[in-house]
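Engineer: My questions will all concern the structure given below.
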Amino acid sequence: MDNQDYFSTVRNQLDSIILAKQRLRELDVIRSERLVGEIGEWLAETIFGGKRVKSTSQKGYDIIRGELRVQVKTHAKGDENNARWTEFKYEMGQFDEFLIIVMSKELKLKEVYKIPEKIVFTKIDETKKQRVVNWDDHSAYSIKLIDLPNQELVKLFC
């Protein structure tokens, strides 16, 4: 493939991404340029119920489900990425539930953690330079994909 063909192929593939993002906006799946995060918030809203907050930059939480404020963090993990943690920049009282959605690079569900606020804060190591939620420290709050609500949707993402 010569340079011109290569460049044309790259441009065509980027145009496909742009068209897909435009259609996902029309379907109200994404609302900003944070593609993976937006997909995760949509999945959380669709699987567990509730409603995404209007602002995509809402501080502390992303979804309201009844009286619960849910903070959603989403990861799309490459095959060689073995990191099992989520950056944590929150203070007590900003959310009620911390939801971690882990997907593959193909955006297939791999793991879901639904952790109450109190539990998250008891396991944060404040002595470290970076505050993180270690997934392995929260295995009791991992939900098997087969046990998630809305299996009709979940099966499409497995």
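What follows is calculated from the coordinates using simple rules that are stated; it is not laboratory data. Since we're looking at a predicted model, the values are computed, not measured. Note that each Cβ is placed from the backbone with ideal geometry, even for glycine, and that neighbours are counted across all protein chains shown.
Engineer: Work out, in µm²/s and without decimals, the Stokes-Einstein translational diffusion coefficient of the chain at 10 °C, 1.306 mPa s, Rh from Kirkwood over C-alpha pairs.
Structural biologist: Answer, rounded: 93 µm²/s.
Engineer: While we're here: Going by amide H atoms built from the backbone, whose H comes under 5 Å of the H on TRP85, apart from near neighbours?
Structural biologist: Correct list: TRP135.
Engineer: Separate question: Take every DSSP beta bridge whose two residues both sit in the chain, then give the antiparallel share in percent to the nearest 5. Write out the running numbers ahead of the final one.
Structural biologist: On the way: 16 of 24 bridges.
Within the chain, antiparallel bridges account for around 65 percent of the total.
Engineer: Let me ask you something else. Taking a 29 Å limit on the Cα-Cα distance, which of the listed pairs LYS51/LYS77; LYS51/LYS129; LYS105/LYS144; LYS21/LYS123; LYS89/LYS110 fall beyond it?
Structural biologist: The pairs that break the limit, which is 29 Å between Cα atoms, are LYS51/LYS129; LYS21/LYS123.
Engineer: Put +1 on the Cβ of each Lys and Arg and -1 on the Cβ of each Asp and Glu in the chain; which of GLN94, ILE124, ASN3 then has its Cα farthest toward the positive end of the dipole?
Structural biologist: With unit charges placed on the Cβ atoms, the residue in question is GLN94.
Engineer: Over segment 24-77, what portion of Cα pair distances is larger than 15 Å, expressed as a whole percent?
Structural biologist: For segment 24-77, the fraction of Cα-Cα distances above 15 Å is 41 percent.
Engineer: Something else about it: Report, by chain and number, residues whose modeled amide H sits under 5 Å from the one on ALA76, excluding near sequence neighbours (fewer than 5 apart, same chain).
Structural biologist: MET103
Engineer: Moving on to the next point. With a 10 Å Cβ neighbour count serving as the proxy for reagent exposure, in which order, fewest first, do VAL132, VAL36 appear? Walk me through the numbers on the way to the answer.
Structural biologist: Numbers: VAL132 18, VAL36 14.
So the residues, fewest neighbours to most, are VAL36, VAL132.
Engineer: Rg to Rh for segment 69-158: what is it, with Cα atoms only and Rh by Kirkwood?
Structural biologist: Reported Rg/Rh, Kirkwood definition of Rh: 0.97.
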